[in-house]
Every structure is written in structure tokens, then in C-alpha cells.
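Encoded as C-alpha cells, the structure appears first; notes follow it.
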Amino acid sequence: MSRADEIFKQNCRDILQNGVWDTDLNVRPHWDDGTPAHTVKKFGIVNRYDLQEEFPILTIRRTYFKTCIDELLWIWQQKSNNIHDLRGHIWDSWADESGSIGKAYGYQLGVKHQYPEGEMDQVDRVLYDLKHNPASRRILTNIYNFEDLHEMALYPCAYSMTFNVSGNTLNAILNQRSQDMLAANNWNVVQYSVLVHMMAQAAGLQAGELVHVIADAHIYDRHVPIIEKMLEKEGRSAPKFVMDKSVTDFYQFTRDSFSLEGYEPHPFDDKIPVAI
């Protein structure tokens, strides 16, 4: 069983067995038919993934690796907030008629700030510090900008990355205020694991550990039967993560710079309803 499978199953069992339901509360999310989308949740889950040990992708169901990367590059490279720049359709429900999701995600990463070294956005600042100030304890991004929240179609879920260099190893912490365990948990883990690999290679470092901190880890009511079926499956071995070693410029990575060897997840036929 892959480490990602093991962690995911532990989290979901804990939530189902020990979590708290919000069925007695008014909730914002709803299903397509207008029914409130209630959840069972645990507060304050922390997971650690050693990226030198294996790549943390689920095998008990498929996580769409290339589509994860498409969204990652859309946010972190293009710094876009328009779905017309994105291959997939995962953001369609939150976009306006022009395709914009407002001042969210990529928009925030692309805002320029003035530093003694010159004008940079958040991504460029991280890249600069990893190369020039690796001992710094101030290498981070934060897209939860209170000033712009009212102009965001969706408040950021994964909102902060903290990067830390130890020797020749790049470690990172992903902070997330809210996590839909079925639809998005491994999706985010895969994305930000790839991001750590990208940042490390661009800075001449080795990818180390990704620590994932989740404030509200929840399972939606209509997802419970799907999760229960997944928990019955025995995980398989993790695939090998392959990255084009010739790319040293963060902005030159493409979806084809990454691949997985030996990824053989279990079949998964369930349709996952998404709460809006």
C-alpha cells in the first residue's frame, strides 16, 4: 500500500468514526438540487509526506495527475484567474460570464510588491529567496488577502505555502482552511508535491517533505458511501515520479515535464457530486 493510501484511509476512518456532523447548522454549500450539503469533520489534521521516499498519489482510486498539474501551472505559473486559460473545467461553477473567478488564487500570486531587490510577485520572491537567501525563515506565500475577499468567487481553501531549506533539502508546509476529503484531498497533495519538486529543482535543491495542515477536514454527506467503498480496497505500490531534469527555470516547466511510471490505480466508477 502506498503511503498516500495509508494516510488517506487513516484520515477518513478517523473522520467517520470520531468526527462531528454539522446537520444542525445552516451551511453555505449546497447540491445541484438545492439541498444543503452537510459534512462530518475533524479539526486540525496534519499529514507528512516524504517526497524522497515516494510520490504521494492514491492508488485506491485514480487521481488525474496531468489535470492536477494543469491547475497548478494555471495558478503558480500563469497566475491566472480566468478559466479560459485552464484546460479543465473544475472551476466552471465559480466563473462569471467572462470566465473570471475574481481576485482569487493566481491573481493574488501575480500581484507585484516592492522589495529592496526590486519589484516582484509572491512566486518570484520565493524563487529569489530560495536561490539567494536559503537560510531565511520568511519564504512563504499567502493568497488569503482580506482586502480582496469580497471580489473572490471562492475564498482560497489552500491559502499558504511556507518553504524552508535544511541543508540541500527543500521542505514545505501547505496550510488549508477547508478540505473536501473525497474530491480534493489527494488532488491538492499531488499538486503541492509537484510544486515542491519544481521549486527545489529551480533552486538547485532536493525535494524533501511536504507537511499538509488542514483546519477543517470533512466528508460530505453524499460522499460517505463512496468513501466507505474506497476504504475496503487494498492500496497498491506508489508509482515512480519522473521530472525533466533539464528544466531549471520554474517558468519553463510544462505538463509534459512530469510523468508517473507504474501508476496502476484501482478502477473507480462512482460519480463524485460537487457541493457549490
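The values are calculated or read from the model by the stated rules, or taken from the named source; none is laboratory data. For clarity, every value in this text was computed on a predicted model and none was experimentally measured. FYI the Cβ positions are ideal-geometry reconstructions off the backbone, even for glycines, and counts take in every protein chain you see. Ligands, DNA and RNA are excluded from the accessible area calculation, which covers all protein heavy atoms including side chains. Shrake-Rupley method; radii C 1.70, N 1.55, O 1.52, S 1.80 Å.
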A careful count of residues in the stretch 52-103 that are in contact with a Leu (Cβ under 6 Å, 6 or more places away or on another chain) and part of a loop (DSSP other than H, G, I, E, B) gives 1
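Rundown of residues vs (1) within 20 Å of W187 (Cα to Cα); (2) of a type in the set (S, T, N, Q), yes/no style:
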{"residue": "Y64", "(1), (2)": "yes, no"}
{"residue": "T67", "(1), (2)": "yes, yes"}
{"residue": "I75", "(1), (2)": "yes, no"}
{"residue": "N81", "(1), (2)": "yes, yes"}
{"residue": "G88", "(1), (2)": "yes, no"}
{"residue": "W94", "(1), (2)": "yes, no"}
{"residue": "K112", "(1), (2)": "no, no"}
{"residue": "Y115", "(1), (2)": "no, no"}
{"residue": "D121", "(1), (2)": "no, no"}
Log entry, pairs with first residue in the stretch 121-143 being basic (K, R), second being outside any helix (DSSP H, G or I) and open to solvent by less than 50 Å² (accessible area, probe 1.4 Å), beta carbons closer than 9 Å, six or more apart or on different chains, reads R125/I139; R125/T141; R137/T162
So, first residue under 20 Å from G110 (Cα atoms) and of a type in the set (D, E, K, R) in the stretch 80-97, second residue in a loop (DSSP other than H, G, I, E, B) and open to solvent by 70 Å² or more (accessible area, probe 1.4 Å), Cβ within less than 8 Å, six or more apart or across chains; the pairs are D85/Q78
If we keep only residues of the stretch 60-90 that are closer than 25 Å to M230 by Cβ and modelled with pLDDT under 95, then the residue surrounded by the most Cβ atoms within 10 Å (Cβ to Cβ) is I90
Those residues of the stretch 164-177 that are open to solvent by less than 30 Å² (accessible area, probe 1.4 Å) and either within 24 Å of K41 (Cα to Cα) or within 15 Å of the chain's Cα centre (by Cα) (or both) come to a total of 3
Taking the stretch 55-101 and the residues there that are aliphatic (A, V, I, L, M) and under 16 Å from A158 (Cα atoms), the one that is farthest from the chain's Cα centre (by Cα) would be I101
message = If I filter the stretch 15-30 for residues that are within 20 Å of W187 (Cα to Cα) and either without any contact (Cβ under 8 Å) to a residue 60 or more places away in the chain or open to solvent by less than 10 Å² (accessible area, probe 1.4 Å) (or both), do I get at least one hit?
response = yes
Within the stretch 139-161, restricting to residues that are open to solvent by 30 Å² or more (accessible area, probe 1.4 Å) and either among the small types (G, A, S) or under 15 Å from M199 (Cβ atoms) (or both), the one that is nearest to the chain's Cα centre (by Cα) is L140
Over the stretch 147-170, the set of residues more than 23 Å from A203 (Cα to Cα) and either touching a Gly at 6+ places or on another chain (Cβ under 9 Å) or not aliphatic (A, V, I, L, M) (or both) is E147, D148, H150, E151, M152, A153, L154, Y155, P156, C157
